[in-house]
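The next block holds one structure in the form of C-alpha cells; read it before the comments.
The values are calculated or read from the model by the stated rules, or taken from the named source; none is laboratory data. Here the structure is a predicted model, which means the values were calculated and not measured. A quick note on method: Cβ atoms are made from the backbone with ideal geometry, for glycine too, and the neighbour counts reach across all protein chains shown.
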Amino acid sequence: MFDRTYLPDADFEFVVIGDTHYILNPEIYASAGDSQDISYTREWSARAGHALQLAAALEPDFVVHLGDLDQEFPGKDDFERSRQEALAQISSCGLQPHHVAGNMDIGDKPNSTVPAPWVRPEDIHLWHAQFGCSWYSFDHAGVHCIVLNTQIMNEPLPEAEEQRIWFDEDIVTHSGRRIFLFLHMPPFAIDENEPGLGSYNSLDEPVREWLLEAVRAHNVELMCSGHTHTAAIHRIGQTRFLIVPSTTTSRPSFNEIFTVLPEHRGKNDVDKLGFYLARSQQDGVRMHLIRSAGETELLTGNGSKRLLTRVSHDLPHSPLGVNLRLALAPTTLGVQAWPDVVRQRIRDDYPLLACIELGARHLRLPAGDLDDHVQCERLAIARDEGMQVTATWLWSERLDLTHEIARHAEIIDTAEVQMPGELWPSDSLWEAMSSCREQTGKPVSLAPLLAQEQVAGKYHPRTRVGYLPDELTALNDRLAHDGHNLDYAVCTLPAGEQTWEALQSFGALLPLSHIGAFDIIVQLPGLDDGEHEQLVAEALLASALLPNTRLILDPLVDVDRSSDINNGLLDRSSNPRTPFHVARCLNTILFSQIDAYEALPIEDLRDGRVLGLRSERVTHRLEMPTGAATVPGVGNWTDLAAGCTWQGQPPGIPIYTPLLRTTRT
C-alpha cells in the first residue's frame with residue numbers, strides 16, 4: 001500500500017489520528033436546517049473508514065486516537081450505539097489505538113460562553129468503565145507517552161484534581177527521558193496569550209499555564225492535540241507541538257484566514273483532511289502528513305503504492321527552495337462567529353506545513369517580513385525543521401546592510417542584495433557586501449533588478465530579477481579583474497527556452513572562478529498546472545546536474561492580485577496543486593542520497609520526449625508527454641503528480657502527466 005523506498009531508517013513508527021466523527025444519521029443535519037451540508041456529511045463515516053484503513057496499512061508500532069470517535073455526544077439517545085459502531089469500524093481495520101477522551105466522547109470543558117454540554121460525572125465514569133482511566137501513560141522503545149483528559153481541566157469534578165496530581169508526579173518521575181504528550185483540546189490554537197474564556201478551541205487559565213510550564217520544565221519532545229480540525233505547528237520552548245487535522249471534516253470558523261472561501265463555507269475542504277505518520281529516528285521524530293483527502297472507497301490492491309516522501313530534515317542535499325510572494329504564515333484578527341464569543345487571531349500554518357511536506361530546504365522572502373514577529377517565529381520553526389532562509393534587500397546608498405543583517409542574524413542564512421537598474425555592483429555596494437560578510441559571517445547573494453524588460457505578449461515592460469547565462473560570464477570577468485569573490489549569483493531562465501535546455505546553459509558555465517554558486521529562480525507562468533508539472537519536473541531533474549545550486553520555484557502560493565496572475569505550488573486555500581506533488585516526489589527520489597549524475601541524450605516520443613540522468617547507482621528517465629501518450633517500457637515507475645509508484649509495465653491508458661522510470665545500474 002505504501003512505498004518506503006526512499007525513507008531513512010526509523011527506530012519505530014506510530015500513527016496519530018483524531019476527530020474521525022463516525023456518524024449514525026447525517027439526515028439530522030438537514031432537519032436541523034443545515035441541509036446544504038447533507039451531501040458530504042453522508043460521507044463522514046466512509047471517510048473515517050478510508051483513513052483508518054490507510055493507518056492500518058502503514059503497520060505502525062502503535063496508534064494514538066486523539067478523540068471525538070463519533071458525532072453523537074453524551075446524553076443523545078443514540079450516543080452509545082454510535083460509539084460502539086465507531087469502535088467496531090476501528091477494530092475492523094485491525095487497529096487497537098490508545099484513546100484520548102474528546103469533547104464528543106465525554107462532554108465539553110467548563111465554559112459558560114459556548115453552547116456545548118459540559119462533561120458530567122456519569123459520562124467520565126462510562127468512559128473509564130469502557131476504556132480505563134482517561135489519564136494514563138505507556139512506554140515504547142525508551143519513550144514515555146502521556147495521555148491527558150483536557151475535557152475535565154478547570155472542572156469542579158474531583159477527577160480534575162486527581163489527574164493534576166497524577167500528571168505532576170508522572171512527568172517528574174520520567175523527567176530526562178524522551179516524553180510524548182497527547183491531548184484532545186490544544187492548550188492554545190494560535191498563541192499562548194489568546195483568549196480561553198469565550199473560545200471553543202483552546203484551554204482557559206489557570207490550566208493552560210500549569211500545563212505549558214510542565215511541558216517546558218521537563219523538555220517534552222513532542223505534543224499532539226486534535227479538536228480544531230485545522231492543522232498547525234508550534235514551538236513551546238524545545239517542544240514540538242502539532243495540531244492534527246480531522247480525517248472527516250474541516251472547520252469553517254478557521255477559514256477566515258483564506259482570501260477565498262473553500263467549498264461549503266469551509267466545512268468540506270477535503271484537501272486538509274488526514275493524519276500523521278510519526279517516525280522516530282536517531283535525531284528526533286519526523287512527522288509525515290498522510291493525506292486522506294476525503295476519500296471514501298475501500299482500499300484494494302491495484303498494484304500501485306503511495307510514495308512516502310522525505311521531509312526537509314532528511315533532505316540535506318536537496319537544492320529545492322520556494323519564493324514567498326505571500327507571507328509564510330498569513331495572519332488576521334479573525335472573526336467573531338459561532339461557537340466562539342470572542343474574536344481570536346487566526347494564522348494559516350498550511351504553507352509552512354506544506355514546505356516541510358515538500359522537503360523544501362530554502363525559503364526566499366523580502367526582508368520586510370523579518371520585522372513581523374509572527375513571521376520571525378514561523379521562520380525560526382522552519383529553520384528548526386531543516387530549512388534555510390534567504391532575505392532580499394533592495395540596494396541603495398542609504399541601506400546599512402551590515403546593521404540590517406545583524407538585527408536578524410538568528411533568522412537568516414543568506415542575504416540577497418538586488419541592484420535596481422544595474423547589472424554590475426558599484427564600489428560602494430561591494431564595500432558594503434564585503435563588510436557585511438566580514439562582520440556577520442553571512443554569505444551574500446547578488447541580483448540585478450531590471451524594471452524595463454520587454455516581454456513577449458505584454459504591453460508594459462516587466463521586472464527581471466537575476467542574471468542570464470551570458471551575463472554571468474561577464475560578471476565573473478569583472479570580479480576577477482577587481483579581485484572579488486561572490487558567494488551566490490541570482491539567476492533567471494532566458495525567455496523562450498525550454499526549462500531543461502535553459503538550466504543546461506547554466507551548467508555549461510561551471511565552474512566559474514569567482515562565483516561560488518547559483519540561486520536559480522524558476523517562475524511558474526500563467527494558470528496551466530499541466531504546463532507547470534512539466535516545468536517543475538524538468539527543473540528538478542536538471543538541478544541534479546548543477547553542483548552548489550539552489551533551485552527556487554516561484555511562487556509558492558497563487559498570485560491573483562496582479563496584472564500577471566500565476567498559479568503556485570499551492571492555491572489560495574493553501575492546498576497543493578499537482579506541481580507540488582511532482583516537486584515533492586522528485587525531490588525525494590533525486591536527493592535522498594548523493595549521486596554524481598550525467599545527462600542522457602534526449603529521446604523523442606510521438607507525443608513528447610524523454611529526459612534522463614545516469615549515475616553509477618541508478619538511471620532515471622523522465623517521460624514528458626505533450627498530449628495524451630501511451631508510454632511503453634517496463635521498470636519501476638512513479639506517477640509524479642499522483643504520488644504513486646508501481647513496478648512493471650505501466651497501464652495501457654493515455655498518460656498526460658510526467659512519469660519517472662527508475663532502473664538500478
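Criterion first (in the same structural domain as Gln418 (by TED's automatic domain parsing) and surrounded by fewer than 13 Cβ atoms within 10 Å (Cβ to Cβ)) does Ala451 satisfy it? Criteria met by Ala451. For region 52-70, a tally of residues being in contact with an Asp or Glu (Cβ under 8 Å, 6 or more places away or on another chain), surrounded by 19 or more Cβ atoms within 10 Å (Cβ to Cβ) and under 29 Å from His144 (Cβ atoms) returns 6. Residues of region 127-151 being in a helix (DSSP H, G or I) and either polar (S, T, N, Q) or at pLDDT below 95 (or both), which ones? Matches in region 127-151: Gln130, Thr150, Gln151. Working only within region 339-354, note down all residues that are touching a Pro at 6+ places or on another chain (Cβ under 8 Å) and either surrounded by fewer than 18 Cβ atoms within 10 Å (Cβ to Cβ) or over 30 Å from His288 (Cα atoms) (or both). Listed by number, the residues that qualify are Pro339, Val342.
Looking at Ala88, Ala48, Ala55, just one residue is touching a Phe, Trp or Tyr at 6+ places or on another chain (Cβ under 8 Å), farther than 17 Å from Glu13 by Cβ and either assigned to a helix (DSSP H, G or I) or in the same structural domain as Ala293 (by TED's automatic domain parsing) (or both), and that residue is Ala48.
Gln504 passes every criterion in (1) assigned to a helix (DSSP H, G or I); (2) in contact with a helix residue (DSSP H, G or I) (Cβ under 9 Å, 6 or more places away or on another chain); (3) exposed (fewer than 14 other Cβ atoms within 10 Å of the Cβ) apart from (3).
Out of Leu611, Leu546, Leu551, report the one residue that is touching a residue at least 60 places away in the same chain (Cβ under 8 Å), part of a loop (DSSP other than H, G, I, E, B) and not aromatic (Phe, Trp, Tyr). Going through Leu611, Leu546, Leu551 in turn, just one is touching a residue at least 60 places away in the same chain (Cβ under 8 Å), part of a loop (DSSP other than H, G, I, E, B) and not aromatic (Phe, Trp, Tyr): Leu546.
Name the single residue that is nearest to Pro658 (Cα to Cα) among those in region 561-570 being surrounded by fewer than 24 Cβ atoms within 10 Å (Cβ to Cβ) and touching a residue at least 24 places away in the same chain (Cβ under 8 Å).
Asn567
I need the full set of residues from region 363-397 which are touching an Asp or Glu at 6+ places or on another chain (Cβ under 6 Å) and closer than 19 Å to Phe241 by Cα, in order please. Across region 363-397, the qualifying residue is only Gln375.
Yes/no matrix, rows are residues, columns are (1) modelled with pLDDT under 90; (2) not charged (D, E, K, R):
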| position | (1), (2) |
| --- | --- |
| Thr239 | no, yes |
| Ile243 | no, yes |
| Pro252 | yes, yes |
| Lys267 | yes, no |
| Lys272 | no, no |
| Arg286 | no, no |
| Thr300 | yes, yes |
| Pro319 | no, yes |
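Those strands (runs of 3 or more DSSP E) of region 184-245 in which 1 or more residues are among the polar types (S, T, N, Q) occupy 222-225, 239-243. Residues in region 290-307 that are buried (at least 19 other Cβ atoms within 10 Å of the Cβ) and under 17 Å from the mean Cα position of the chain (by Cα): Ile290, Arg291, Ser292, Leu307.
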